[in-house]
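Novice: Got a structure here, written out as structure tokens. Questions coming.
The values are calculated or read from the model by the stated rules, or taken from the named source; none is laboratory data. None of the values given here were measured: they were computed from a predicted structure. Don't worry about glycine lacking a Cβ; one is built from the backbone with ideal geometry, like all the others, and counts go over all protein chains shown.
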Ligand code: GRG
């Protein structure tokens, strides 16, 4: 049953829909041209353009709106695409038999099932390369800022970022462990692209160090809430959430450890802390705050 949203949230949903459409249009331009000349191009297009929430691009663009207002800039849209490409690249690998061995992603057969494992690995590497190329050359941005953008992206994806998070998840995720250890893995595997999104925006908008620190705190809390919502949704049937439920059965998650009620309570706590960070950053009541409200009104959105 559809949840009735107040008018302001309908307006927000419309704005989010428009931003997503802009991101998809720009992604289409950055990906290999259609029809792709080979299976690698096909996998890159198919996996990246498949319907996803685009939460990382949205975070970047909504942060930019809160910090400097106006329409989404070319640089903002380019960097949003870079983040979505890294995310898609990570999903290609995450789904492979040597990792989570998933059959469904975004409601479709996973990339290695559609195109083969060789294509999934190569397509992922190609997406990653393209993302770095985009981050190195956004429109009208000084070279010193471009350098910082590339460094940030490298930190978010590399051995101290997503790669480390994934390794933790693979090695620790199957055995029983305490809450703190689960939260540590979640922080490592889900938060890096969330924090990169807001830090990209902070760099483009030349935000103060204090504002950037609070944005980072906001993105970390939101990322932790998002991962819990993802785990909660995993306990639902695909019909209930429309896609990839059941993919992480048997993993030691907060939901498996404490049960859904306590996990939901943790979501609320993370979202409350996220909101406080926005207030401390001086952008309480803006677009990102509306994103939080939207999360609360639609708790399965992240699933
Ligand atoms: C740097 C390419 C690269 C790989 C690093 C495989 C890997 C190593 C990392 C994967 C980390 C991972 C899968 C984290 C899960 C985060 C998460 C909540 C994924 C689901 O994201 P959504 O809900 O998905 O945003 P959609 O489909 O909506 O985009």
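For every residue, the table says whether it meets (1) over 16 Å from the mean Cα position of the chain (by Cα); (2) away from the ligand (no atom under 11 Å from the Cβ); (3) surrounded by fewer than 16 Cβ atoms within 10 Å (Cβ to Cβ); (4) modelled with pLDDT under 95.
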| position | (1), (2), (3), (4) |
| --- | --- |
| 69 | yes, yes, yes, yes |
| 75 | yes, yes, no, no |
| 79 | no, yes, no, no |
| 102 | yes, no, no, no |
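Novice: Another question, then. Residues of the stretch 104-125 being near the ligand (Cβ under 10 Å from one of its atoms) and crowded, with 23+ Cβ neighbours inside 10 Å, which ones?
Specialist: 105, 124
Novice: Shifting gears a bit: Which of (1) out of contact with any helix residue (DSSP H, G or I) (no Cβ under 8 Å at 6 or more places or on another chain); (2) within 29 Å of residue 95 (Cβ to Cβ) is the odd one out, the single condition residue 14 does not satisfy?
Specialist: All conditions are met except number (2).
Novice: Out of everything in the stretch 126-153 that is within 28 Å of residue 43 (Cβ to Cβ) and not in a helix (DSSP H, G or I), what residue ends up being nearest to the ligand (Cβ to nearest atom)?
Specialist: Here the answer is 136.
Novice: Filtering the stretch 179-195 down to residues that are in contact with a helix residue (DSSP H, G or I) (Cβ under 8 Å, 6 or more places away or on another chain) and farther than 22 Å from residue 81 by Cα, which residue is farthest from the ligand (Cβ to nearest atom)? Let's see the steps before the verdict.
Specialist: As a first pass, look at the stretch 179-195 and keep what is in contact with a helix residue (DSSP H, G or I) (Cβ under 8 Å, 6 or more places away or on another chain): 179, 181-195.
Retained after the next criterion (residues that are farther than 22 Å from residue 81 by Cα): 179, 181-187.
Working: 179: 18, 181: 16, 182: 14, 183: 14, 184: 14, 185: 10, 186: 9, 187: 11 Å.
So, considering only residues that are in contact with a helix residue (DSSP H, G or I) (Cβ under 8 Å, 6 or more places away or on another chain) and farther than 22 Å from residue 81 by Cα, the one farthest from the ligand (Cβ to nearest atom) is 179.
Novice: Considering only the stretch 198-248, state which residues are assigned to a helix (DSSP H, G or I), modelled with pLDDT of 90 or more, more than 19 Å from residue 61 (Cβ to Cβ) and more than 16 Å from the ligand (Cβ to nearest atom).
Specialist: Residues satisfying the conditions are 209, 210, 213, 217.
Novice: Just checking, does the stretch 136-153 include any residue being within 26 Å of residue 53 (Cβ to Cβ), out of contact with any helix residue (DSSP H, G or I) (no Cβ under 7 Å at 6 or more places or on another chain) and surrounded by fewer than 22 Cβ atoms within 10 Å (Cβ to Cβ)?
Specialist: No, there is no match, as no residue in the stretch 136-153 is within 26 Å of residue 53 (Cβ to Cβ), out of contact with any helix residue (DSSP H, G or I) (no Cβ under 7 Å at 6 or more places or on another chain) and surrounded by fewer than 22 Cβ atoms within 10 Å (Cβ to Cβ).
Novice: Any idea which of 97, 192, 138 is free of Cβ contacts under 8 Å to residues at least 24 places away in the same chain and out of contact with any strand residue (DSSP E or B) (no Cβ under 9 Å at 6 or more places or on another chain)?
Specialist: Working: 192 fails: free of Cβ contacts under 8 Å to residues at least 24 places away in the same chain; 138 fails: free of Cβ contacts under 8 Å to residues at least 24 places away in the same chain.
Going through 97, 192, 138 in turn, just one is free of Cβ contacts under 8 Å to residues at least 24 places away in the same chain and out of contact with any strand residue (DSSP E or B) (no Cβ under 9 Å at 6 or more places or on another chain): 97.
Novice: Now a separate question. Can you find even one residue in the stretch 108-120 that is touching a residue at least 40 places away in the same chain (Cβ under 8 Å), under 22 Å from residue 164 (Cβ atoms) and out of contact with any strand residue (DSSP E or B) (no Cβ under 6 Å at 6 or more places or on another chain)?
Specialist: From the stretch 108-120, those touching a residue at least 40 places away in the same chain (Cβ under 8 Å) are 108, 111, 114-116, 119-120; that's our starting set.
Applying the additional criterion that residues be under 22 Å from residue 164 (Cβ atoms) yields 120.
Checking the rest, the ones that are also out of contact with any strand residue (DSSP E or B) (no Cβ under 6 Å at 6 or more places or on another chain) come to 120.
Checked the stretch 108-120: at least one residue is touching a residue at least 40 places away in the same chain (Cβ under 8 Å), under 22 Å from residue 164 (Cβ atoms) and out of contact with any strand residue (DSSP E or B) (no Cβ under 6 Å at 6 or more places or on another chain).
Novice: Do we have residue 85 as surrounded by fewer than 18 Cβ atoms within 10 Å (Cβ to Cβ), within 10 Å of the ligand (Cβ to nearest atom) and touching a residue at least 12 places away in the same chain (Cβ under 8 Å) here?
Specialist: Here the answer is no, as residue 85 does not meet what is asked.
Novice: Does residue 177 count as closer than 23 Å to residue 220 by Cβ, modelled with pLDDT under 95 and assigned to a helix (DSSP H, G or I)?
Specialist: Details: closer than 23 Å to residue 220 by Cβ: yes; modelled with pLDDT under 95: yes; assigned to a helix (DSSP H, G or I): no.
Taking the combined requirement at face value, the residue does not satisfy it.
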